[in-house]
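Asks: Provided herewith is a single structure, encoded as structure tokens, for subsequent inquiry.
Each value in this text was obtained by applying a stated rule to the coordinates, not by laboratory testing. Quick caveat, the model's predicted, so the values are computed rather than measured. Reconstructed Cβ throughout: ideal geometry from the backbone, glycine too, with neighbour counts over all protein chains shown.
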Amino acid sequence: MMGDGEATTDRRGHSLLVRSGGHRCGIPVRAVRMVAQSGRIDPLPGSSPRLLGLAQISGEPVAVVDLHALIDPESRPGGGRQLTVVVGQRGGRSALGLAVDEALGVSWIDGLEEPSDGDPECVAGRCHIDGRSIALLDPERLLATADEA
């Protein structure tokens, strides 16, 4: 049932599929600003464990979050964090970097199931692609996560 906390993520559309640790996630393409090789990330003292720190991406400071730790805070940190996917709102100035292990490509998402028990707020729902469960992320909730970190 949808209500005041309803995710604004469309139920259909193209999503960038990524892997972070053992998790596969979809990020609506409309919210992806860029995908870059991970570079230097400067830690921020006193920040939450999921916030890796600040990185300079295209000359701008961007907060970078470990996507694996965000999706599954009880598990060990993600893997190699080879890429940073920068997400933002259309026309908005705020951006967030998601550290991931790999980008798997773009896929069409045609409807979602409810999030799984234990999924964080940033998961709008789940779908299955090639027999694997994919957590579709809500960009607005991801950006709110950066404010909380």
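Asks: Given a Förster radius of 30 Å and the C-beta distance between HIS128 and MET34 as r, what FRET efficiency does 1/(1 + (r/R0)^6) yield to the nearest 0.05?
Replies: Calculated transfer efficiency: 0.60.
Asks: Once the Cβ-Cβ distance between SER75 and TRP108 is put in as r, and R0 is 35 Å, what FRET efficiency do you end up with, to the nearest 0.05?
Replies: 0.75
Asks: Further question on the same structure: Give the long-range amide H neighbours of LEU104: residues separated by 5 or more places, or on another chain, with amide H under 5 Å away, using H modelled in the peptide plane at 1.01 Å from N.
Replies: LEU17, VAL18, ARG19
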